[in-house]
Every structure is written in structure tokens, then in C-alpha cells.
1. Find the eigenvalues of the gyration tensor of the Cα atoms of the chain, then list the square roots of 5 times those eigenvalues as equivalent ellipsoid semi-axes, largest first, in whole angstrom.
2. Calculate how steeply helix 58-72 sits against the longest principal axis of the alpha-carbon atoms of the chain, using the helix alpha-carbon long axis, and give the answer as 0 to 90 degrees to the nearest 10.
3. Just to confirm the number: angle between the C-alpha axis of helix 24-33 and the first principal axis of the chain, 0 to 90 degrees, nearest 10?
4. Let's see if you can work this out: charge +1 on each Lys and Arg Cβ, -1 on each Asp and Glu Cβ, no other charges. What is the dipole magnitude of the chain about its Cα centre, in debye to the nearest 20?
5. Can you pull out the GluC sites (Glu not before Pro) in segment 1-47 that DSSP calls coil and that have at most 10 other Cβ atoms within 10 Å?
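Read-outs: derived from the displayed coordinates by stated rules, not from any lab. The structure presented is a predicted model; accordingly, all values stated were derived computationally and were not measured. Note: ideal-geometry Cβ built from the backbone for every residue, glycine included; neighbour counts use all protein chains shown.
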Amino acid sequence: MASVYILYSESSNKFYVGYTTETVAKRLEKHNSGFYEHKYTARGKPWTAYFEIECESVKQAVGIEKLSRPKIGLH
């Protein structure tokens, strides 16, 4: 199972889209803990889960993520 998720940062007023094979809660915890210290979400903490969709496969999740980023201006 995989999920596509959108995070929101109130402090930077920005959104982030990603996909994961973990739970979205676990991935959110990593984004807020500094696990990705040199990535886009290192700025703007704390992030909150804004949207989540379960996918049938990683391939489907990657496809949705790639389509979502340019359409709605997400990183």
C-alpha cells in the first residue's frame, strides 16, 4: 500500500506533496523531527497533514504525486 499526501505549513504558508509506503502519520513525524534536515520540509516546521489518499500501488502514488505538483504549484 502507498499513499499520496499534502502537508501544510502555517509558518511559511506553503504546501508540500509527497508519497509514502509508511503511514502518513509516521512520515509527518519524520518531516517535523528534522529527519529530512536538508530537504524542502526542513523549513516551515511544524507541518500538518492537509490531505491524504490511499493508492493501490507505489506506481499509482508516484503518478498522482507527479501530476499534483505542477497542477497546484506544490513542491
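1. 19, 14, 10
2. It is inclined by approximately 60 degrees.
3. For helix 24-33, the angle is close to 30 degrees.
4. Dipole magnitude for the chain comes out near 300 debye.
5. Here the GluC sites (Glu not before Pro) that fit, given the DSSP loop and packing criteria, are Glu10, Glu37.
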